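*Asks:* Before anything else, here's the structure in question.
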Amino acid sequence: MKEQEATPDRFAVSGRNRLKRRHDRGRYDHEAVYAVLDAGFMCHVAYVIDGQPYCTPTIHWREGDWLYWHGSSASRMLRHLAKGMPVCLTVSHLDGLVLARSGFNHSANYRSAICFGTAYLIDDPDEKAKALLGIVDRFFPGRSGELRQIHGQETKATSVIGMRIEEASAKVRAAGVGDDEEDYDQPVWAGVIPIETVIGAAQPCPRLLPGMEKGAGLAGYRAGRRLDDTLLEAQQLYEGEEEAIA
């Protein structure tokens, strides 16, 4: 695929985010990228400091074409964010193990997104306060209103980093076994073993006050439900609340 300019619903395609192989699995539209991002709870943020590469796992959340994550004020990354830092943020989901009739054709079904941009420390007090509420309400809609207010020392100890997505791509494999034709006569089992992250039964804190039940924002977190489906639903609710406020 050749380089392309960005459009209102599609990221630009450049040498940085263009898929080098299996172009048929690649997508550059906002909808495909956001679907992978929003279905995940954790990401990995890669960056380079003084020639040394680092990759940090952290919780992320999205607001429009901005990604946010939080970290300790003692993080090594924060000392280098005054002028912005180029980063690469990735989210991936393992959906199945693909067992073929040859080792070469073994594979996996997956969804992944890779995003490029410049990360900045969110230091505006109002923007930071909003972001610290967002990290709760994005996953558990409306829950921040049920909690005690964040103490000043807690706000000081927590840093929020934001990055506008400049370029991104999604890559998805959702297919069966792809053996070579001459291998189909091999006497060995082949197929797909599906993989899901499923929510378990809630374990209430033993020190709950009498009569306390889960709030409405936790209704989607039902035992046996897929986590990615729940996170996508929570993102839609969060975006709806943000639009209502606006």
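*Asks:* Which one of these is over 30 Å from ALA35 (Cβ atoms), among the hydrophobic types (A, V, I, L, M, F, W, C) and in contact with a Lys or Arg (Cβ under 9 Å, 6 or more places away or on another chain): VAL160, VAL188?
*Replies:* Testing whether each residue is over 30 Å from ALA35 (Cβ atoms), among the hydrophobic types (A, V, I, L, M, F, W, C) and in contact with a Lys or Arg (Cβ under 9 Å, 6 or more places away or on another chain) leaves just VAL188.
Yes/no per residue for (1) within 21 Å of ALA46 (Cα to Cα); (2) part of a loop (DSSP other than H, G, I, E, B); (3) hydrophobic (A, V, I, L, M, F, W, C):
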position	(1), (2), (3)
VAL87	yes, no, yes
GLU127	no, no, no
GLY134	no, no, no
PHE140	no, yes, yes
ILE161	yes, no, yes
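*Asks:* Which of the residues belonging to the stretch 196-244 are among the basic types (Lys, Arg) and either over 17 Å from the mean Cα position of the chain (by Cα) or more than 20 Å from PRO141 (Cα to Cα) (or both)?
*Replies:* ARG207, LYS214, ARG222, ARG225, listed by residue number.
*Asks:* Oh, and also: Looking for whichever is without any contact (Cβ under 8 Å) to a residue 60 or more places away in the chain, surrounded by fewer than 17 Cβ atoms within 10 Å (Cβ to Cβ), of a type in the set (Gly, Ala, Ser) and farther than 23 Å from GLY71 by Cβ here; the options are GLY152, GLY142, GLY103. Which one fits? First the steps, then the outcome.
*Replies:* Values: GLY152 fails: farther than 23 Å from GLY71 by Cβ; GLY142 fails: without any contact (Cβ under 8 Å) to a residue 60 or more places away in the chain.
Result of the check over GLY152, GLY142, GLY103: GLY103.
*Asks:* Another question about this same structure. Kindly check whether there is at least one residue in the stretch 205-224 that is out of contact with any strand residue (DSSP E or B) (no Cβ under 6 Å at 6 or more places or on another chain), of a type in the set (Gly, Ala, Ser), closer than 23 Å to GLY40 by Cβ and outside any loop (DSSP other than H, G, I, E, B).
*Replies:* Scanning the stretch 205-224, I find at least one residue that is out of contact with any strand residue (DSSP E or B) (no Cβ under 6 Å at 6 or more places or on another chain), of a type in the set (Gly, Ala, Ser), closer than 23 Å to GLY40 by Cβ and outside any loop (DSSP other than H, G, I, E, B), so the answer is yes.
*Asks:* Identify, from the list ILE161, ILE165, ILE114, the residue that is in contact with a Phe, Trp or Tyr (Cβ under 6 Å, 6 or more places away or on another chain) and surrounded by 18 or more Cβ atoms within 10 Å (Cβ to Cβ). Step through it out loud before you land on a result.
*Replies:* Working: ILE165 fails: in contact with a Phe, Trp or Tyr (Cβ under 6 Å, 6 or more places away or on another chain); ILE114 fails: in contact with a Phe, Trp or Tyr (Cβ under 6 Å, 6 or more places away or on another chain).
Within the list ILE161, ILE165, ILE114, the selection yields ILE161.
*Asks:* Against the condition hydrophobic (A, V, I, L, M, F, W, C), outside any strand (DSSP E or B), surrounded by 11 or more Cβ atoms within 10 Å (Cβ to Cβ) and touching a Lys or Arg at 6+ places or on another chain (Cβ under 7 Å), how does VAL177 come out, does it pass?
*Replies:* Spelling it out, it is not the case that VAL177 is hydrophobic (A, V, I, L, M, F, W, C), outside any strand (DSSP E or B), surrounded by 11 or more Cβ atoms within 10 Å (Cβ to Cβ) and touching a Lys or Arg at 6+ places or on another chain (Cβ under 7 Å).
*Asks:* Looking at the stretch 200-221, I want the residues that are surrounded by 13 or more Cβ atoms within 10 Å (Cβ to Cβ) and have a partner that is modelled with pLDDT under 95 and of a type in the set (Gly, Ala, Ser) with Cβ atoms under 6 Å, at least 6 apart or on another chain. Which pairs are those?
*Replies:* GLY217/GLY142
*Asks:* While we're looking at this one, here's another question. Among the residues of the stretch 90-128, which ones are closer than 18 Å to ARG62 by Cα, small (Gly, Ala, Ser) and in contact with a His (Cβ under 8 Å, 6 or more places away or on another chain)?
*Replies:* Once the filter is applied, which keeps residues that are closer than 18 Å to ARG62 by Cα, small (Gly, Ala, Ser) and in contact with a His (Cβ under 8 Å, 6 or more places away or on another chain), the stretch 90-128 yields only SER112.
*Asks:* May I ask you to list pairs of residues, at least six apart or on different chains, whose Cβ atoms are under 8 Å apart, with the first in the stretch 113-131 being within 21 Å of SER169 (Cα to Cα) and the second being in a strand (DSSP E or B) and of a type in the set (Asp, Glu)?
*Replies:* CYS115/GLU167; PHE116/GLU167; GLY117/GLU167
*Asks:* If a residue has to be closer than 30 Å to THR158 by Cβ and in a strand (DSSP E or B) to count, how many in the stretch 95-124 make the cut? It would help to see each step written out before you state the result.
*Replies:* First, pick out the residues of the stretch 95-124 that are closer than 30 Å to THR158 by Cβ: 111-124.
Adding the requirement that they be in a strand (DSSP E or B) leaves 111-121.
Within the stretch 95-124, residues that are closer than 30 Å to THR158 by Cβ and in a strand (DSSP E or B) number 11.
The values are calculated or read from the model by the stated rules, or taken from the named source; none is laboratory data. All figures in this text were calculated on a predicted structure; none of them were measured in a lab. As a convention, Cβ positions derive from the backbone with ideal geometry for all residues, glycine included, and neighbour counts pool all protein chains shown.
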